[in-house]
Amino acid sequence: ALKQAFGKMVSAEDIAAYLYAALAHPGYTARFHDELENREVRVPVTLDKKLFAAAVAIGQRLIYLHSYGERFAQGQTWPHGRARCTKAIATESLPEKFNYDEATQTLHVGDGLFEPGALGVWKCEVSGLKVVQSWLCYRMKDRKGKKSSPLDDITPSSWPPEFTSELLRLLHLLEETLEIYPQQETLLEQIIKGPLLNADQLGAPPDDYRKSPVSHGMQHQLEI
């Protein structure tokens, strides 16, 4: 349907990036809060070539950031955000606590300091999970977080320099993510006001399309 509308092929990667740009931001959930109560996600698909291309570009950038550069890496560069480690974390052991000072925009990790730390980054949530706080909880001396096997108890006994680099990468990708949110919200409004692809233009999906995909583990059991 999109190939017919745009006069060129639209790839699965384009669709994935479009979906990410249209759906993965607070503006979508705020606008469609009532509709999402039944847990059905409905996607406004634009028939405007320029809006579709803009959404794909934003989606590719976000997926690149959120996959730590493993997807859509061609032509992309990692952001150099504002946050810096202004005081190193002691490497002899793991930190016992962390906190955020809103007045000074400083993230304290043990005796280490990261600044400036935007309040939005500190509060950033994905499906109710506070991203930075969850990341740090897994790396404290008294480790928090979900445990699925005894292997989860095998953890570093000290703070390696790599942890500092990884934390800065996380802070920087969240900084840019928050900067992109308003662009996504504006784009969504433009999409909704413009020409849209109606569901009936796609026809009824075959029954096989409605089935959940078989997991690799289940597929192995079926083959046995």
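The values are calculated or read from the model by the stated rules, or taken from the named source; none is laboratory data. All values derive from a computational prediction rather than experimental measurement. Virtual Cβ from ideal backbone geometry, glycine too; neighbours counted across all protein chains shown. When the accessible area is computed, the model is the full protein with side chains, heavy atoms only, and any ligands, DNA or RNA have been set aside. Shrake-Rupley method; radii C 1.70, N 1.55, O 1.52, S 1.80 Å.
Couple of notes before you dig in:
- Of all residues in segment 126-140, those that are part of a helix (DSSP H, G or I) have Cβ atoms under 8 Å from Cβ atoms of residues that are open to solvent by 30 Å² or more (accessible area, probe 1.4 Å) and among the charged types (D, E, K, R), 6 or more apart or on another chain, in Val131/Glu125; Cys137/Arg143; Cys137/Lys144.
- Here Gly59 qualifies as within 20 Å of the chain's Cα centre (by Cα), at pLDDT 95 or above and of a type in the set (Gly, Ala, Ser).
- Failed item in (1) in a helix (DSSP H, G or I); (2) in contact with a helix residue (DSSP H, G or I) (Cβ under 8 Å, 6 or more places away or on another chain), with Tyr64 passing the rest: (2)
- Residue count, segment 165-195 (criterion: closer than 20 Å to Leu119 by Cα and among the basic types (Lys, Arg)): 1
- Listed by first and then second residue, the pairs linking a residue in segment 184-199 that is within 16 Å of Ala24 (Cα to Cα) to a residue that is assigned to a loop (DSSP other than H, G, I, E, B) and aliphatic (A, V, I, L, M), with Cβ atoms under 6 Å apart and 6 or more places separating them unless they lie on different chains, form an empty list.
- Leading residue by the ranking (modelled with the lowest pLDDT) among those in segment 146-170 that are open to solvent by less than 50 Å² (accessible area, probe 1.4 Å) and either not aliphatic (A, V, I, L, M) or not in a helix (DSSP H, G or I) (or both): Asp152
- If you filter segment 4-28 down to residues that are farther than 17 Å from Gly59 by Cα and open to solvent by 70 Å² or more (accessible area, probe 1.4 Å), you find that the one that is nearest to the chain's Cα centre (by Cα) is Met9.
- Residue in segment 57-99 that is surrounded by the most Cβ atoms within 10 Å (Cβ to Cβ), counting only those that are under 19 Å from Trp159 (Cα atoms) and free of Cβ contacts under 8 Å to residues at least 60 places away in the same chain: Phe98
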